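Report on the following structure.
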Amino acid sequence: MLYDVIIIGGGPAGLSAGLYAARSRLSTLIIEKEADGGQIATTAEVENYPGSVLNATGPTLVARMVEQALGFGAKKISDEIIEVDFSGKEKIVKGKNKEYKGKTVIIATGAVPRLIGCPGEKELTGRGVSYCATCDGPFFEGLEIFVMGGGDSAVEEAIYLSKFARKVTIIHRRDELRAAKSIQEKAFENPKIDFMWDSVITEVKGEGMLESFIVKNVKTEEEKEIFPDEEDGAFGIFVYVGHIPSTKLFENMIDMERGYIITNDDMETNVSGVYAAGDNRVKSLRQVVTAAADGAIAAVQAEKYIDENF
Ligand code: NAP
């Protein structure tokens, strides 16, 4: 089957594109390799998406987005795309399970968390080192937690983690946060949250479980090893040091800047009939609301392209 629109990625950008395309009666396929929703699915609280109800969570918002897109007739499948060929009029998207063909493609692949990149990190992921407060926060009930990073994600998730933890320490490489002022204020007011400035984690240690870590002061170069409080016996590290766009598949085919896809205001890439939407493209604000907006624009432009070219 030749789909009108193939959407790669089922986060807010992809689901919004799916909603708009399907509502325009275009045959629409959304392909997602993991769980629906992308990064927002692992976000505890979503309070800045317009119309979010009080205590809206990432998963509840995503569930409503999926229901709405499918309700208008979009089809959603699970597959991991391993190769694409955008050279012909019909775009070919090859998955691990199947090959798909579309008149247009919307790349809504989002971004993934950046790792610290220090010794021990990979071995201890899921064993005391985590990238998802919503998933793993409850394991640290009553224990101490360290959060690395100073952006919106680090500070928001530190606030969330303070609901479980006895104490949360934000480790940041500078002496001022990058996070929005409103988020910073909440953290500064939170009696459970402390800060370790000008510092980075340089090694995490443990046999099977996180047992200690080394933190370095980037100004003095001084290093110290941090162990759990004896009474606690265990602690956790949550890493929020930014994101990497999921665009490797499109290298040498789609124009990019530092790995982010370049589009115009209509979400068009340098390849006609191929659009990008969401956190994977060059833009100034990466939010659910801007991802959803990108998806809507891409779908409307895809419809125009189909009308003119098929
Ligand atoms: P971010 O804004 O890029 O912040 C990354 C943080 O990690 C920065 O504080 C950065 O330090 C630090 N960092 C980066 N590389 C590091 C390294 N190698 N070692 C130590 N520290 C390092 O990323 P984010 O917080 O994940 O946010 C991503 C995007 O999503 C942003 O546009 C953000 O606004 C948005 N977001 C919004 C919300 C919200 O509005 N509620 C929530 C979450 C995310 P420096 O500050 O020194 O660069």
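The values are calculated or read from the model by the stated rules, or taken from the named source; none is laboratory data. Nothing here was measured: the structure is a model prediction, and the numbers come from that model. All Cβ positions, glycine included, derive from the backbone under ideal geometry; neighbour counts span all protein chains shown.
If I go through the range 281-310 residue by residue, how many of them are of a type in the set (K, R) and in a helix (DSSP H, G or I)? Can you show your working first?
Residues of the range 281-310 of a type in the set (K, R): 281, 283, 286, 304.
With the extra rule that they be in a helix (DSSP H, G or I), the set shrinks to 304.
Number satisfying all stated conditions: 1.
Being within 22 Å of I82 (Cβ to Cβ) and touching a residue at least 60 places away in the same chain (Cβ under 8 Å) is the filter; apply it to the range 29-62 and report the residue that is surrounded by the most Cβ atoms within 10 Å (Cβ to Cβ).
G38
Among the residues of the range 281-295, how many are more than 12 Å from the ligand (Cβ to nearest atom) and either in contact with a Gly (Cβ under 7 Å, 6 or more places away or on another chain) or not β-branched (V, I, T) (or both)?
Start the filter on the range 281-295 by keeping residues that are more than 12 Å from the ligand (Cβ to nearest atom), which leaves 281-282, 292-295.
From what's left, either in contact with a Gly (Cβ under 7 Å, 6 or more places away or on another chain) or not β-branched (V, I, T) (or both): 281, 292-295.
Final tally of qualifying residues: 5.
What tally of residues in the range 205-235 results from selecting those that are closer than 16 Å to G120 by Cα and among the small types (G, A, S)?
Residues in the range 205-235 being closer than 16 Å to G120 by Cα and among the small types (G, A, S): 3 in total.
Restricting attention to the range 139-152, does a residue exist that is more than 16 Å from the ligand (Cβ to nearest atom) and in a helix (DSSP H, G or I)? Lay out the reasoning, then the answer.
Just the residues of the range 139-152 that are more than 16 Å from the ligand (Cβ to nearest atom), to begin with: 139-145.
Now narrow it down to the ones that are in a helix (DSSP H, G or I): 139-140.
Scanning the range 139-152 turns up at least one residue that is more than 16 Å from the ligand (Cβ to nearest atom) and in a helix (DSSP H, G or I).
Just wondering, is there one or more residues in the range 140-149 that are touching an Asp or Glu at 6+ places or on another chain (Cβ under 8 Å) and among the small types (G, A, S)? Walk me through how you get there before you give the answer.
Residues of the range 140-149 touching an Asp or Glu at 6+ places or on another chain (Cβ under 8 Å): 142-144, 147.
Filter once more, so that each one left must be among the small types (G, A, S): 142.
Yes; the residues of the range 140-149 include at least one that is touching an Asp or Glu at 6+ places or on another chain (Cβ under 8 Å) and among the small types (G, A, S).
Anything in the range 173-194 that is touching a residue at least 40 places away in the same chain (Cβ under 8 Å) and loosely packed, with under 12 Cβ neighbours inside 10 Å? List them, or say none. It would help to see each step written out before you state the result.
Filtering the range 173-194 down to residues touching a residue at least 40 places away in the same chain (Cβ under 8 Å) leaves 173.
Correct list: empty.
I'd like to verify a number: residues in the range 169-189 that are touching an Asp or Glu at 6+ places or on another chain (Cβ under 7 Å) and more than 8 Å from the ligand (Cβ to nearest atom), how many?
Residues flagged as touching an Asp or Glu at 6+ places or on another chain (Cβ under 7 Å) and more than 8 Å from the ligand (Cβ to nearest atom) within the range 169-189 amount to 2.
Suppose we filter T220, T290, T247 for residues that are among the β-branched types (V, I, T) and exposed (fewer than 15 other Cβ atoms within 10 Å of the Cβ); which single one remains?
On the way: T290 fails: exposed (fewer than 15 other Cβ atoms within 10 Å of the Cβ); T247 fails: exposed (fewer than 15 other Cβ atoms within 10 Å of the Cβ).
Checking each option against the conditions leaves just T220.
Residues are listed down the side, and each one gets a yes or a no for (1) assigned to a loop (DSSP other than H, G, I, E, B); (2) within 24 Å of the chain's Cα centre (by Cα):
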site	(1), (2)
V168	no, yes
F188	no, no
K216	no, no
K219	yes, no
N252	yes, yes
D279	yes, yes
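Considering only the range 164-177, I want to know if a residue exists there that is within 21 Å of P113 (Cα to Cα), at pLDDT 95 or above and polar (S, T, N, Q). Lay out the reasoning, then the answer.
Filtering the range 164-177 for residues within 21 Å of P113 (Cα to Cα) gives 168-174, 177.
Pick out the ones that are also at pLDDT 95 or above and you get 168-174, 177.
Narrowing further to those that are polar (S, T, N, Q): 169.
Yes: the range 164-177 contains one or more residues that are within 21 Å of P113 (Cα to Cα), at pLDDT 95 or above and polar (S, T, N, Q).
Looking only at the range 86-130, count how many residues are assigned to a loop (DSSP other than H, G, I, E, B), touching a helix residue (DSSP H, G or I) at 6+ places or on another chain (Cβ under 8 Å) and within 14 Å of the ligand (Cβ to nearest atom).
Matching residues across the range 86-130 total 1.
May I ask you to list pairs of residues, at least six apart or on different chains, whose Cβ atoms are under 6 Å apart, with the first in the range 1-28 being among the acidic types (D, E) and the second being surrounded by fewer than 24 Cβ atoms within 10 Å (Cβ to Cβ)?
Correct list of pairs: D4/L26; D4/S27; D4/K103; D4/I306.
Please give the strands (runs of 3 or more DSSP E) falling wholly within the range 1-85 in which 3 or more residues are more than 17 Å from the chain's Cα centre (by Cα) and not charged (D, E, K, R).
Values: elements: 2-8, 28-32, 75-78, 81-85.
Once the strands (runs of 3 or more DSSP E) in the range 1-85 are filtered for at least 3 residues that are more than 17 Å from the chain's Cα centre (by Cα) and not charged (D, E, K, R), what remains is 2-8, 28-32, 81-85.
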